[in-house]
Each structure stands twice: as C-alpha cells, then as structure tokens.
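Scroll down for the structure; my scribbles are underneath it.
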Amino acid sequence: MIGGAPGISLRGVSRSYGRTVALHPLDLEVGPGELVGLIGPNGAGKTTLLRILTAQLLPSAGSVRVGGVDVVADPGAARARIGIVPEEPSLYDYLSAREMLQYVIALRGGGDLEAALDLAGLGADADRLIHEYSQGMRRRAALAAAVVSDPPVLILDEALNGLDPENAMRVEVKLAARAAAGTTILFSTHLLDSVERVATRVLMVRGGRVVADARPKELGPDGVRMLFRDRMIDGGEAPAG
Amino acid sequence: MSAPQARGDASANPYAWAWGLERSRRHAAGSWAEKLAPWGPLAAALLSLPLWGASLHDYLGRADGPRNALFLAMVSRMALVLAGALCLSTYSALIRGPERGVLSLHPLRPNAWWSAKMLDLFMGRLSWLGVTLVLMAPLHVAPVLAGAAAGVLSGAWLVGIGVGAAVNLAAPLAARTPALQGTLDAIRGMNPREHAALLYAPGFALGLAGLAVILSVQGAGAWISGREGAWLLVVPHVVGVAALVGSRPLASAVDRLPTLLGEIEAAWAPYADPEESRRVYLEWMAERAPAVLGREMLKDLRHGWRRLRTGISGAWLLGVLTAWAFAAGEPTIGAQLGAVALAITGGLAVLLAVRDPVWLDEAVPVARRVRTLARAVVVLGWGGPVVAAGLFDGAGTCLIFAFLALGLGGVGASTGLWLRGRAWPVYTAVALLAVAVVVGLGPGVEVVR
C-alpha cells in the first residue's frame with residue numbers, strides 16, 4: 001500500500017468514443033507488489049485503460065487513483081508516481097540512453113542510473129545515440145527511463161514486445177524483483193508466455209470488459225493459456241455490465 | 001559509436017540541457033543543405049535588396065506626405081505578418097512541440113520548462129526579425145524612417161512571441177474553466193469543446209498583437225511627422241514584455257496538455273476511418289491515365305490530399321484572392337498572390353518527394369520519369385484553380401510562375417535531394433525571392449501606390 005491507498009484504484013471507470021464504448025464500467029484494485037499482465041486482442045480496450053491510468057485520456061465516468069493520487073484532478077502529481085512505457089517509445093533521439101536517464105533523473109529529483117541500465121541490458125550501449133538503436137533497444141531504453149527513479153507504479157504498454165529472448169528474460173526477472181520489493185506493475189502484452197512466467201495476476205479484456213481476473217499460480221501449469229482459450233477464443237461470453 | 005561528450009549538467013534545467021544537445025547534434029548530423037537551410041530566408045532577403053531597393057529609393061525621394069504614407073503602409077503590413085507568423089508558430093512550439101511525447105510521460109518542472117521554451121523561441125525566431133530588418137535596409141538613407149521601422153518591427157517581434165506565449169498557455173486553462181464552457185460551446189462548431197480554446201488561441205493572440213502593432217505604427221507615424229503620440233511606438237514592446245512575464249505562471253498548464261490533446265485526438269478518432277475509404281479530390285484523373293502513370297498518380301492524389309490538404313486549399317484561397325485582385329484592377333497584388341499560391345502548390349510536390357518511403361522504392365521500383373510526370377500532373381491538377389484565377393489577367397506572369405513552381409517541385413520530386421528534411425526554410429526563401437522578382441522586375445508593374 002502507498003500512503004494507505006492501493007497502487008491502482010478504479011471505480012466505475014468507463015470510456016466512450018462517440019457512440020463506441022471502448023471501456024465498460026470497471027472497478028479494479030491493484031495493490032503494491034502485484035505484477036499484473038493485461039492481455040486481450042487488438043481493440044479490446046487495453047490501451048484505452050492504460051491511457052486513462054497515465055492521464056493521457058479522461059474517463060467518461062468514474063474515478064481513477066494511482067499511487068493514492070486522483071489522476072483527473074492532479075495529472076502532474078500522478079505522473080510523478082508512475083513510470084510509463086507507451087506503445088511507441090517517446091525518447092530524445094539525439095541523446096544517448098545515459099543522457100536520457102540523466103534528464104529523467106533531473107526531472108524526477110533522483111534515481112539510480114546504473115540499476116536502470118542494468119535492468120534494460122543497455123550497459124554496453126548506454127553512450128550511443130538513441131537514433132542508432134534498433135526497435136528492441138529503443139523499447140529497452142524507454143523501459144530504463146520508466147524505472148530509473150523507482151516510481152511506486154509502473155505502467156507498461158507492450159514493453160516486452162520485440163525484445164530478444166535474452167533481454168526479455170532479464171527484464172522479466174528484474175520486473176518481478178521490483179514487484180517483490182513493493183512496486184505495482186501493470187503491463188499489457190500479447191505474449192502469454194511472459195504472463196505465465198512472471199505475472200502474479202492476469203486480467204483478460206475483450207470488447208471493453210474484463211472477462212477474466214485470475215492468479216496464474218492458482219491456475220496451475222498452462223493455466224493462463226487455457227483460460228485465454230476459454231474466455232477469448234472459444235466464444236466465452238463477456239459478463240454482463 | 002559513442003555520443004559526443006555532453007556539456008553542462010541536466011540538473012539545473014533538464015529541458016534546456018536536453019533540447020540544446022538534440023539541436024546541436026541534429027545540426028551536426030544534417031546534410032549541408034539542412035545546415036544552410038535556416039540561413040535561406042536571410043540570404044533571399046539580402047539578394048532581393050537590389051531588386052526592390054531601387055523602387056523604394058524612388059519613393060523616398062518624394063515629398064514627405066506620400067513618402068510617409070508609403071512607409072507606414074509598408075512597415076505596418078510587414079509588422080503584422082511578422083506578429084501573425086509568430087503567434088501561430090508560438091502555438092506550434094508550446095502546444096504541439098516535437099517533445100510532446102516525452103513531456104507527457106514525466107512530471108513537469110514549470111519554471112524550468114518555461115525558461116527553456118522561451119529561450120528556444122527567442123533564439124529560433126531571431127532570424128525572422130533579421131529578415132524583416134534586412135528588407136528595410138534600403139531605408140538607411142533616411143535614418144528617422146529606419147529607426148521607426150526598427151522600432152515597429154522589433155515591437156511586432158516581441159509582442160508576437162510574448163502575447164503568443166501568454167494566450168496559448170492560457171488556452172489549456174480556458175478549455176477547463178467551467179465559466180467559459182458556454183462560450184466555447186457557442187464557437188466550437190463541429191470541434192470538441194476542449195479543442196475550441198486551442199483553436200481560437202492563435203487568432204485571439206493575433207488580434208491582441210495586431211492591435212498593439214497598429215498602435216505602434218500610429219506612434220511611428222507621429223514620430224516621423226513630428227506630431228504628438230510618438231510614445232505609442234513602444235506599446236508592443238511594453239505589451240510583449242508584460243505578456244511574457246504573465247505567461248510564466250501559466251506554464252503549469254502544460255501538465256494538463258497531454259490529457260487535453262489526448263481528448264481532442266480521441267474526439268476526432270470516430271471521424272478518421274471513413275476518410276480512408278472515401279474517394280479523394282481528382283481521383284478521376286488517375287482512372288483516365290495509362291495504368292502505370294495512373295497508379296503513381298493515385299498514390300500522390302490520395303497521400304497528398306489526406307496529408308497536405310491545408311496546403312492545397314490554402315493555395316486555392318490565394319487563387320481566389322488572385323482573381324479578385326485582377327478583377328479589382330490590382331495586377332501587381334494579383335501577380336504576387338498568384339506567385340505565392342503557385343509556389344505553395346509547387347512545394348507540395350517537394351513535400352510528397354520528401355515523404356516517399358525509401359523501402360517502397362526498393363520493393364517496387366518505379367521509373368523516375370513516370371513518378372516525376374505523375375507528380376507534375378497531380379500538382380498541376382491541384383494548382384489548376386490558381387492558374388485559372390490568374391488567367392483573368394496577368395496570365396503571362398502567373399503562368400511563368402506556374403512553371404517555375406512546378407519546375408522547383410520537379411527538381412525536388414525527382415532528386416528528393418536538396419529539399420529533404422527540414423525543407424521549409426529553403427522553400428520560404430525561394431518563395432520570398434520569387435515575390436521579390438515579381439515586385440522588382442514585373443514589366444510595367446507599379447509596386448506600391
């Protein structure tokens with residue numbers, strides 16, 4: 001718990017684009033130390049949810065608190081408590097990864113540069129300009145920028161996609177360690193293996209509704225995959241509401 | 001390869017530090033054309049001096065009355081254009097700057113951001129003031145006029161940035177102020193409410209800055225003719241500085257920009273898809289062309305219409321004004337407007353070339369002559385209304401510039417070389433030079449009345 005409040009708290013949060021409902025009313029609590037994998041097909045509402053949580057979009061209804069801060073009322077304070085990796089990494093192309101992290105540390109008032117580079121596996125390339133990086137390296141640089149100041153909440157939009165197996169594995173292990181130390185982590189992904197390996201909890205979203213909320217450990221071996229097939233592929237109906 | 005050693009320290013002002021590094025390294029990595037590009041407008045202004053300086057000197061030799069009237073007319077227009085361009089560019093820099101994506105991820109340090117942004121704005125727009133002052137250089141033979149021009153133009157520059165900053169930074173707050181919701185609803189048209197404040201901000205800033213500039217011109221008039229009221233000359237300076245100081249506390253509004261812009265984009269999202277399935281303007285031209293040519297034309301017609309529509313419709317607007325000017329017996333103005341319109345239209349070909357994906361060339365090679373021909377036909381189609389407008393009168397001048405513009409577009413389109421990247425300063429320079437040529441060399445054209 002952060003200041004007596006859960007890491008992420010949504011109450012009756014919904015979002016519509018015109019007549020299209022992207023997110024049906026949703027209640028969700030994610031506590032400190034939870035590493036939550038958010039999975040679902042394209043257009044399911046994952047990115048809408050993450051954008052609401054990171055103050056990039058307003059909810060049509062409901063209240064959103066992250067790190068104990070009302071995201072709508074005080075987006076700046078909320079951002080200070082969240083490390084964000086957006087779907088498309090936003091970085092200064094003509095800075096090196098080390099300089100990018102120095103910039104973030106200066107903005108956030110502190111951080112551990114070497115630990116962030118280590119998490120992202122960028123130590124050897126930290127002094128190269130970001131525009132020389134491959135897509136996977138850019139994603140890792142964005143991840144390093146998100147974790148460098150050790151924020152209490154991490155929100156990662158497909159941050160593991162496109163990473164080579166070695167780096168994906170390293171990032172998963174390091175994220176799991178951060179979660180064990182109390183960080184709240186919510187990550188969207190299409191990689192069921194990743195969710196099965198590291199997530200302490202899995203949320204499956206379809207048609208703007210959460211259709212499954214489970215703990216992989218309790219599901220047993222291959223449980224996430226079977227739940228996914230049950231709820232997302234074999235015509236499992238979304239719950240009403 | 002390691003990045004060059006960074007100077008300075010991020011902790012004092014992280015924005016200024018990061019943007020400074022970005023700017024200097026981008027500059028160092030750019031081609032020679034990109035390095036020279038920012039100097040283009042200044043060079044064009046210098047080159048144009050002999051062309052129009054002679055005409056100006058003719059007028060300077062006349063009696064005080066007509067001379068002063070000409071001077072005030074000329075300076076006021078230039079100052080208004082300068083202030084207007086700054087109000088618009090301040091909006092782009094503050095609200096939709098390229099660093100928006102990074103800013104939206106982290107907490108804001110408003111004072112540091114404001115200082116870095118203002119430094120960026122002032123340094124980046126210094127050459128704009130330089131261009132206008134160079135264009136006024138022929139006035140050196142009349143020091144009072146030169147001083148008055150410098151006063152008005154520097155005031156326009158300062159008030160354009162100052163008022164632009166204050167109004168554009170106030171816009172995100174206005175968008176969320178309950179008391180203004182009714183007003184915003186009344187003026188927003190089809191736009192989302194949040195968008196209305198941002199949409200109208202540059203216009204509002206332009207109105208305020210324009211008022212200050214007009215007062216300044218009146219002050220300049222009083223000064224050069226020895227009347228009372230010369231103090232009005234410094235109104236834009238005072239307003240500009242006051243607005244700048246007032247804009248500093250408004251910087252905290254930038255914290256709300258990501259949500260605001262996200263909402264605007266979300267509001268437009270439902271309208272985005274139908275556009276893709278609709279036929280575009282002039283698509284019939286591609287259907288009637290031979291298959292190979294038609295395929296290239298279709299690509300340019302669709303891509304151009306969807307990405308460069310502002311340029312196309314902006315050129316048409318100038319085309320209408322061209323026709324109006326010719327019809328009203330103002331061939332000089334008509335020729336100038338037509339030239340600018342056609343330069344814009346020609347520039348569209350260059351922009352298309354700049355955005356050609358390299359991988360497509362490699363995957364599906366197309367003969368350069370086919371691409372150039374297709375692009376020329378498409379641009380000629382877009383420029384058609386402008387050329388038609390020019391045919392009312394002064395057809396020769398307009399057509400010459402049509403071919404000049406298309407030629408320039410063709411060079412860029414076929415080589416994609418010299419205008420690649422940040423091309424606009426070069427093209428601005430060329431357009432400026434083209435206008436100067438019309439003004440200075442147009443046969444029998446009376447420049448100013």
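Any read-out appearing in this document is the output of simple, stated calculations on the displayed coordinates, not a laboratory observation. The shown structure was predicted, so the numbers you read here are calculated from the model rather than taken from an experiment. Ideal geometry is used to build each Cβ from the backbone, glycine not excepted, and the neighbour counts take in all protein chains shown.
Structure notes:
- Residue order, fewest to most beta carbons within 10 Å, for A:57, B:51: B:51, A:57
- Proxy reagent accessibility, fewest Cβ within 10 Å first, across B:303, B:27: B:27, B:303
- Its residue count N fixes a reference of 2.2 N^0.38 Å for the protein assembly as shown, and the Cα radius of gyration divided by that reference is 1.09.
- If R0 is taken as 30 Å, the Cβ-Cβ distance between residue B:96 and residue A:70 corresponds to a FRET efficiency of 0.65.
- Taking Lys and Arg as +1 and Asp and Glu as -1, the other residues whose beta-carbon sits under 11 Å from that of residue B:378 total +1.
- Where the alpha-carbon atoms of region B:1-110 are placed on the principal axes, they occupy 63, 33, 22 Å, in descending order.
- Taken over the Cα atoms of region B:284-341, the convex hull encloses 92 Å³ per residue.
- Computed across region B:61-272, the Kirkwood hydrodynamic radius from all distinct Cα-Cα pairs reaches 18.3 Å.
- The fewest-to-most ranking of B:19, B:359 by surrounding Cβ atoms within 10 Å reads B:359, B:19.
- Net charge of Cβ neighbours under 11 Å - reference residue B:255; Lys, Arg +1; Asp, Glu -1: +2
- The distance between label points at residue B:59 and residue B:309 comes to 3.9 nm (points 7 Å beyond Cα on the Cα→Cβ vector).
- Under 20 Å from a label point set 7 Å out along the Cα-to-Cβ vector of residue B:281, the amide N atoms of region B:308-330 belong to B:308-325.
- In chain A, Rg over Rh equals 0.96, where Rg is the alpha-carbon radius of gyration and Rh the Kirkwood radius from pairwise Cα distances.
- Sequence-distant residues sharing a close amide H with residue A:96 (under 5 Å, placed H): A:130
- Extending 7 Å from Cα along the Cβ direction at residue B:2 and again at residue A:114 yields two label points whose distance is 1.7 nm.
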